[in-house]
Amino acid sequence: MAKTKRGRILWSLPSRGRGTCPVCDSKRIKLLYTRTAKDGTALKVCKKCFKADQVRIDAAGTKL
Ligand SMILES: [Zn+2]
């Protein structure tokens with residue numbers, strides 16, 4: 001399978017795969033991972049927050 005998290009594939013994504021992480025508020029970070037909050041909201045999060053507690057994902061989801 002093609003690598004989807006590094007290299008030229010990122011250039012085809014909106015904002016080249018970068019943005020502000022809703023969980024840790026890092027700017028221009030790569031948002032390549034999806035976590036789902038308890039209300040069903042799919043959030044694009046950074047590598048760090050992919051491993052974050054569900055509590056933090058839920059908090060970011062309700063904030064949006
Ligand atoms: Zn993050």
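Which pairs do you get when a residue that is among the polar types (S, T, N, Q), found in segment 10-31, comes within reach of a residue that is open to solvent by 30 Å² or more (accessible area, probe 1.4 Å), reach meaning Cβ atoms under 6 angstrom, with the pair 6+ apart or on two chains? As it stands, the answer is T20/K27, since those pairs meet every condition given. Would you say T36 is among the β-branched types (V, I, T), surrounded by fewer than 16 Cβ atoms within 10 Å (Cβ to Cβ) and within 14 Å of the ligand (Cβ to nearest atom)? Spelling it out, it is not the case that T36 is among the β-branched types (V, I, T), surrounded by fewer than 16 Cβ atoms within 10 Å (Cβ to Cβ) and within 14 Å of the ligand (Cβ to nearest atom). Residue-level analysis places K3 among those that are assigned to a loop (DSSP other than H, G, I, E, B), away from the ligand (no atom under 14 Å from the Cβ) and either touching a His at 6+ places or on another chain (Cβ under 6 Å) or open to solvent by 70 Å² or more (accessible area, probe 1.4 Å) (or both). The set of residues from segment 39-64 being open to solvent by 70 Å² or more (accessible area, probe 1.4 Å), near the ligand (Cβ under 10 Å from one of its atoms) and either part of a helix (DSSP H, G or I) or more than 11 Å from V23 (Cβ to Cβ) (or both) comprises K47, K48, F50, R56.
Screening K27 against (1) exposed (fewer than 10 other Cβ atoms within 10 Å of the Cβ); (2) modelled with pLDDT under 95 leaves a single unmet condition, (2).
The values are calculated or read from the model by the stated rules, or taken from the named source; none is laboratory data. Owing to the predicted nature of the structure, the values given are computational and were not obtained by experimental measurement. We place every Cβ from the backbone using ideal geometry, glycine too, and count neighbours over all the protein chains shown. Calculation scope for accessible area: heavy atoms of the full protein, side chains included, ligands and nucleic acids excluded. Shrake-Rupley method; radii C 1.70, N 1.55, O 1.52, S 1.80 Å.
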